[in-house]
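Here's the structure, in C-alpha cells; my notes come after.
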Amino acid sequence: MAPVQTTNKTSIIKITDLDFFYGDTQALFKINLTIAKNRITSFIGPSGCGKSTLLRCMNRMYDVIRNTKASGSILFDNNNILQTSTDVTGLRRRIGMVFQKSNPFAKTIYENVVYGLRIAGENKKSVLDQAVEESLKGTSLFDEVKDRLNESALGLSGGQMQRLCIARAIAIKPDVILMDEPCSALDPKSTAKVEELMLNLKKDYSIVIVTHNMQQSSRISEYTAFFLEGRLMEKDTTQKIFTNPSKKETEDYITGKFG
Ligand SMILES: Nc1ncnc2c1ncn2[C@@H]1O[C@H](COP(=O)(O)OP(=O)(O)OP(=O)(O)O)[C@@H](O)[C@H]1O
Ligand SMILES: [Mg+2]
C-alpha cells in the first residue's frame, strides 16, 4: 500500500467545524479536532454525548444509517472524506473499526482474519497465510489459536474474540484504527491484554478509542478529548486533562460528579 500522506507530520486526521444530524436532530456541533499520528487518543464523556457518532463520521460508517447528514470537513490524506465522491470502501480499508461487542463472523478463525483481504481481491494462499500469522502474532493470539485456525471463531473466549476482531482490523494494514469501547465486555485480564496490544500497535497505527473507563484512558492514551452534549469541551494531553483540566465540566466529569 502507498505510504500515507498526512495532513502534516504529527497529525493524521483533521476535523474542522463538523456538524452532524440524525434526521432533524443535531448530534454534533462544530467539532474541531486533530488526531495525532502514531498516538492513542481517547474520547470520553457521558452516555449520549456523541462519541460513537464522531467515530462513525471518521470512516463514514454513518452512511449505513438513513437520513443522516454531516457538514464541515474531515481531512484525511489531504481529502475531505465527507465529500460524496469519497470511495468509502477504500476509506474503511485505511480507517478500520473495532466495536464494543466483538463481532467475529461465523467462519473459521483463519477466514475471519483474511476477510478484508479477500474483499480487496486478495486470494493468494501464501499472502493470506502470512497475513494470518502476522496479524495473530500482532495481537498475541497466534500461540493460543495456531492449532485451530480452521475451527470456528465462535468457539473462542470473549477476550480472544475481541483480539481476533483487532487482528481482522490490522490484517488489511489500515492507517487508523477506531475502537468503540473495545474492552467494555471484557474481564480485567483480557482488558489488560487488549491495552498492552494497543500500546504495541501505536508504533504502526494511529488509534482512537472511546472509553467509559477513566483509568483506561489515563493508562494508554497520550491525548484525551472530553465531549458533552455533542460538543467537544476540551482536548489536551491526557496528563493535563486528568490533573489540571481547563474547564469545570471536564473536572466535574473526571472526578465523577456526573456521567
Ligand atoms: N442511529 C441513530 N438514530 C438517531 N439518533 C441517534 C442514533 N445513534 C445515536 N443517536 C443519538 O445521537 C446522540 C449521540 O449518540 P452516540 O451514540 O454518539 O453517543 P455516545 O457518546 O457514543 O454514547 P454512549 O456512551 O452511550 O455509547 C444521542 O442523543 C443518540 O440518541
Ligand atoms: Mg457510544
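A short reminder: the numbers here are calculations on the coordinates, not readings from a lab. Because the structure is predicted, anything quoted here is derived from the model rather than measured. Counting neighbours? That spans all protein chains shown, and the Cβs are built from the backbone with ideal geometry, glycine included.
Numbers below:
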item: Sorted peptide list for 193-203, 22-32, 160-170, 118-128, criterion being average Cβ within 10 angstrom, highest first; result: 160-170, 193-203, 22-32, 118-128
item: Environment charge at residue 38 (Cβ cut-off 13 Å; Lys +1, Arg +1, Asp -1, Glu -1); result: +2
item: Charge dipole of segment 11-254 about the Cα centre (unit charges at C-beta), most positive-ward option of 223, 29, 70; result: 70
item: Sparse-neighbourhood loop sites, chymotrypsin sites (Phe, Trp or Tyr not before Pro) in segment 55-149 - DSSP loop, at most 14 other Cβ within 10 angstrom; result: 105
item: Share of pairwise Cα separations in the chain, more than 34 Å, in percent; result: 16
item: R0 of 25 Å, Cβ-Cβ distance residue 17-residue 87: FRET efficiency to nearest 0.05; result: 0.60
item: Beta bridge orientation in the chain: antiparallel %, DSSP, nearest 5; result: 60
item: Spin-label model distance (nm) - residue 137 vs residue 157, 7 Å beyond Cα toward Cβ; result: 2.4
item: Between segment 239-259 and segment 221-238, the Cα center-to-center distance that results, in Å; result: 10
item: Size of electric dipole in the chain: Cβ of Lys, Arg +1 and of Asp, Glu -1, about Cα centre, debye, nearest 20; result: 280
